[in-house]
Amino acid sequence: MTTAVAPLDVARLREEFPLLGTTAHGRPLVYLDSAATSQKPRSVIRRITRFYERENANIHRGVYALSADATAEYDRVRARVARFLGATPEEIVFTRGTTESINLVAQSWGRGFLRAGDEIVVTAMEHHSNLVPWQLVAEQTGAVLRIAPVTDAGELDLDGFAALLTARTRLVAAVHLSNALGTINPIRRITELAHAAGAVMLVDGAQSAPHLAVDVAALGCDFFACSGHKLFGPTGIGVLYGRRELLERMPPWQGGGDMIASVEYQRSTWAPVPQKFEAGTPHIAGVVGLGAALDFVESIGLDAVAAHEHELLGYATERVAEVPGLRVVGTAPMKAAVLSFVMEGAHPHDVGTILDREGVAVRAGHHCCQPLLRRLGLPATARASFAAYNTRDEVDALVAGLLQVRKVFGG
Ligand code: C6P
């Protein structure tokens, strides 16, 4: 798909990540869990250190230069994020991560505008972060949650999805890139269908923002949520993109400092967007680190990242087929960065534990997608997930580890 871009210099890229040079159980670490969180490049680590050593002050409060400079940097990164996602700065709210971004929409937009009998449609492959917040708001408002089906291959059943849309559908919430399966959903099409039904569209971009070039204007969505820590940035910082007109109509969801225009004892008025949604002292160092992470991502180029990961996923899919009794879970044709699998006779947790002893870090479990795994008839999978810094040698180490698992469990 993205073969025209220049290949990544992965060896050089890896040198930017101190943690990738460490060992696990006496072996070179093979880190295949970037869907959980990516490792951090030196430029991000240094930027955060420099902020605390030389620039630290609270924002929007001080009249002194240090605070004014910290404020300017915070605002600069907001504009940087807006550029990265194809939005305007007023449409970018800083949050703690994807989870908080979705909860913000559920509690502000959802509680503000949903009424009993209104319908929310999500897909059967959602992460708990894009399911439980809607369950909560459905309970609070009397709205009804509808679940769009997925096929056995882990693709969204688009006809099944379209059949759920009615005049009562008020919101559609769908994952862009599934963390459990790697499936890339046709978000533009889903958004068109949602809008044609008169519904608002939220995209869970936790896994897509690090692997695909995202342009919210081109996707046409109303909300887009992502996390800094999966994008080479620090933990505890995330983003909610919201279409300006919607954000302006939405009530605040948390009250406190920095989100007000004026406060009296009995009532208050709100700051303009996006400050209305950023109560209290934000994660300033996290925002600064996120800015450095986006500089890093753009210096390598998301098209080059996607092409490299696509090649690596193809190679890994081919190689794991050599392991007897291994079955890949999630075989959608449009797929990225994630290889989930089960092995006959071996529980995924045992697979993960044996791989760990070989120095290979993968995730094992339900990946915060319990209903999806139940739908697929599985209690858990083992999951290798890839980033720009992973190599074919690391895939080979994974396969060697899996053959080791096979020896332990027979077959
Ligand atoms: N998935 C994984 O190992 P937070 O925790 O807020 O940064 O992101 C939540 C989230 C939401 N949606 C999707 C599709 C995700 O993959 C995640 C996080 C991690 O798959 C941790 S469970």
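The values are calculated or read from the model by the stated rules, or taken from the named source; none is laboratory data. Note that the coordinates shown come from a computational prediction; the quantities given were computed from them, not determined experimentally. Note that we place each Cβ from the backbone using ideal geometry, even for glycine, and neighbour counts take in every protein chain shown. For the accessible areas, the whole protein counts, side chains as well, though only heavy atoms, and no ligand, DNA or RNA atoms are used. Shrake-Rupley method; radii C 1.70, N 1.55, O 1.52, S 1.80 Å.
Here are the numbers for this structure:
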| read-out | value |
| --- | --- |
| Listed residues LEU114, LEU181, ALA79: farthest to the positive end of the dipole of the range 45-298 (Cβ charges) | ALA79 |
| With all protein chains modelled, accessible area of ASP350 [1.4 Å, Å²] | 60 |
| Under 29 Å from LYS335, Cα to Cα: lysines that are on another chain or at least 8 residues apart | LYS40, LYS230 |
| Cα centroid separation - the range 269-321 against the range 357-378, whole Å | 23 |
| Shape call, the range 1-131: gyration tensor on alpha carbons, a/c limit 1.5 | oblate |
| Note, ³J(HN,Hα) from phi for the range 74-85, Karplus 6.51, -1.76, 1.60, rounded to Hz, x at Gly and Pro | 4, 5, 4, 5, 4, 5, 5, 5, 4, 4, 4, 9 |
| Gap separating the Cα centres of the range 389-411 and the range 33-78, nearest whole Å | 39 |
| In order through the range 92-104: 3J(HN,Hα) via Karplus (6.51 cos²θ - 1.76 cosθ + 1.60), integer Hz, x for Gly, Pro | 10, 9, 7, 9, 7, x, 4, 4, 5, 4, 5, 4, 4 |
| Given charges at beta-carbon only (K, R positive; D, E negative), |dipole| of the range 249-380 in Debye | 640 |
| Debye, to nearest 20: dipole size of the chain, +1 on Lys, Arg Cβ, -1 on Asp, Glu Cβ | 480 |
| Area of ARG357 that stays accessible when all protein chains are in place (1.4 Å probe, Å², to 10) | 140 |
| Listed residues ARG146, ARG50 arranged by accessible area, highest first, probe 1.4 Å | ARG50, ARG146 |
| Percent carbon-and-sulfur accessible area, the chain, ignoring ligands, DNA and RNA, probe 1.4 Å | 53 |
| ARG243, ARG392, ranked by accessible area, largest first (probe 1.4 Å) | ARG392, ARG243 |
| Heavy-atom SASA rank of HIS25, HIS349 (probe 1.4 Å, accessible area, largest first) | HIS25, HIS349 |
| The chain: most fluctuating residue of GLY198, GLY110, GLY62 per GNM, C-alpha cutoff 10 Å | GLY62 |
| Solvent-accessible area per residue for the range 45-298 (1.4 angstrom probe, square angstrom) | 39 |
| The chain: C-alpha gyration tensor shape, a/c 1.5 cut-off, then a/b vs b/c | oblate |
| Leading residue at positive end of dipole, the chain (Cβ point charges), from PHE386, GLY411, ALA261 | ALA261 |
| Length gained when the stretch ARG54-ARG146 is fully extended (0.36 nm per residue, less Cα-Cα span) | 28.1 nm |
| Using θ = phi - 60° and Karplus 6.51 cos²θ - 1.76 cosθ + 1.60, couplings along the range 12-23 (whole Hz; Gly, Pro as x) | 5, 4, 4, 5, 6, 10, x, 5, 6, x, 8, 10 |
| Heavy atoms of PHE113 accessible to a 1.4 Å probe, total area in Å² rounded to 10 | 50 |
| Whether the range 37-90 is rounded, prolate or oblate, judged on the alpha carbon gyration tensor where a/c under 1.5 counts as rounded | oblate |
